[in-house]
Amino acid sequence: MRLLDHLADLLKDIEAEGLYKRERLIAGPQGGRIDVASAGGTRSVVNLCSNNYLGLADHPDVIAAAKEGLDRFGFGMASVRFICGAQTLHRELECAIARYLGKDDAILFAACFDANGGVFEPLLGPEDAILSDALNHASIIDGIRLSKAKRYRYANSNMNALEDSLKEAIADGVRFKLIVTDGVFSMDGYIADLPAICDLAERYDALVMVDDCHATGHLGEKGRGTPALTGVGDRVHIVTGTLGKTLGGAMGGFVAAAQPVIDILRQRARPYLFSNSLAPAVAAGSLRAIEIAKSADDRRATLARHAERFRSAMASAGFELLPGSSPIIPVMLNDARLSQEMARALDARGVYVTGFFFPVVPKGRARIRTQISAALSDADIDYAVDAFKDAGKALGII
Ligand SMILES: *Cc1c(COP(=O)(O)O)cnc(C)c1O
């Protein structure tokens, strides 16, 4: 009971600091426009905060493939792989991911959070080094904590700092060095400088791992992600990614890499060994989503066009945006409370967004992170910009 009192106090503190996260409910499928559940039923809003970059989350072919997977393979596996094995479907999906990303093989996890949680510990020991970008995803931070390797954190995309860390690791006499970075830093929309990272890796004899969750499917040639986009291709040794964003948006994560890396992960990665396989419907739908993504140049073009339309209209309206070329477009409000007020004002005007503030982003750098989707129409983009202008004027932002 003392714990319950303690938790109740903690919740009050979170609330008092204005940091309490309230979840909203959607009454239908994910999409460019969504039906949000509200007191009087539902209301249709323009969605600017999903990871549904290519709009595959409600694609009829993905849904049909998932239904077929359900009919052919049942509802669930009810076993981890080293006991009951996997279904042919799971193996097919792993091979499709490996082919798509140009790697020897791939291994599935229940989520990319698990892939990142399980990838480091089997590969590296206490005599090794992991060099990690300061803005890397929480799951990478946790995965590194679970490994026994020495840790070196370098300032976000700062190549001098990375070089210093590499030298430090060498001075410390480490055996293997692995540089780890997000392909796209999700709070800013910045793309990692992979050519410079690969140059340093090669100069200092390090390996490179990229978490490409916010890129696989929609960035680079055929959607092959930031290694393809930045022209480094197979100079990146390990790619982790998700099936829960562009590639259908259901769930599931993976590691794609050279054969011995994948083989050792099958032997030793704890979230793989001790957790159930993906549901067959999810595996089948994701497999179809990858096929669609590969040949979705039209959707990728729409996505880029929409992002440009939104970015330029918002800049001319006088909003402060972070520069960039990804479909993540942060609108800077800087003040935490203002970001919350702006999110509410946009909600009232039929635009679905979330205000981000400390500790998710640095203090004084609060923002509304918008994410563009190919599922939006030109009219949706214009509607959203008008809502931003109206709300921005009402709150004295522009
Ligand atoms: C979303 C995300 C993850 C987690 O992916 P899930 O499959 O949802 O667990 C990991 N890393 C990055 C960079 C992400 O953006």
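I'm trying to understand the selection: among the residues of the range 244-278, which are within 15 Å of H90 (Cβ to Cβ), hydroxyl-bearing (S, T, Y) and assigned to a loop (DSSP other than H, G, I, E, B)?
Correct list: S275, S277.
For a quick check of your reading of the model, give me the residue pairs whose first member lies in the range 106-121 and is over 20 Å from I290 (Cβ atoms) and in the same structural domain as I262 (by TED's automatic domain parsing), whose second is within 12 Å of the ligand (Cβ to nearest atom) and of a type in the set (D, E), with beta-carbon atoms closer than 6 Å and at least 6 apart or on different chains.
Listed pairs, sorted by first residue: G117/D142.
From F176, F120, F113, which residue is in contact with a Leu (Cβ under 9 Å, 6 or more places away or on another chain), open to solvent by 50 Å² or more (accessible area, probe 1.4 Å), at pLDDT 95 or above and among the aromatic types (F, W, Y)?
Answer to the selection: F176.
Does the range 275-327 hold any residues that are surrounded by fewer than 19 Cβ atoms within 10 Å (Cβ to Cβ), closer than 15 Å to G225 by Cα and among the basic types (K, R), and which are they?
Scanning the range 275-327 gives a single hit, K294.
List pairs: first residue in the range 240-267 and assigned by TED's automatic domain parsing to the domain that holds S286, second residue among the charged types (D, E, K, R) and surrounded by 24 or more Cβ atoms within 10 Å (Cβ to Cβ) anywhere in the structure, Cβ distance under 6 angstrom, at least six positions apart or on different chains.
Note: pairs meeting the criteria are T240/D211; G241/D212.
I want to confirm something. Restricting to the range 201-230 and keeping residues that are without any contact (Cβ under 8 Å) to a residue 60 or more places away in the chain, open to solvent by 10 Å² or more (accessible area, probe 1.4 Å) and out of contact with any helix residue (DSSP H, G or I) (no Cβ under 6 Å at 6 or more places or on another chain), which single residue is nearest to the ligand (Cβ to nearest atom)?
The qualifying residue nearest to the ligand (Cβ to nearest atom) is L229.
For the range 107-156: of the residues being among the basic types (K, R) and in a strand (DSSP E or B), which is farthest from the ligand (Cβ to nearest atom)?
K150
Given the residues A279, A250, which is the only one that is more than 14 Å from the chain's Cα centre (by Cα), within 19 Å of D114 (Cβ to Cβ) and within 16 Å of the ligand (Cβ to nearest atom)?
A279
Quick one: A65 ticks every box in (1) in a loop (DSSP other than H, G, I, E, B); (2) surrounded by fewer than 23 Cβ atoms within 10 Å (Cβ to Cβ) bar one, so which box is it?
That leaves (1) as the condition not met.
Restricting attention to the range 157-169, does a residue exist that is at pLDDT 95 or above, at negative phi and in a strand (DSSP E or B)?
Among the residues of the range 157-169, not one is at pLDDT 95 or above, at negative phi and in a strand (DSSP E or B), which makes the answer no.
Return the total of residues in the range 231-243 being surrounded by fewer than 24 Cβ atoms within 10 Å (Cβ to Cβ) and either part of a strand (DSSP E or B) or within 11 Å of the ligand (Cβ to nearest atom) (or both).
Total satisfying the criteria: 1.
The values are calculated or read from the model by the stated rules, or taken from the named source; none is laboratory data. None of the values given here were measured: they were computed from a predicted structure. Methodologically, a virtual Cβ is constructed for each residue, glycine included, from the backbone with ideal geometry; neighbour enumeration extends over all protein chains shown. Note: areas computed on protein heavy atoms with side chains; ligands, DNA, RNA excluded. Shrake-Rupley method; radii C 1.70, N 1.55, O 1.52, S 1.80 Å.
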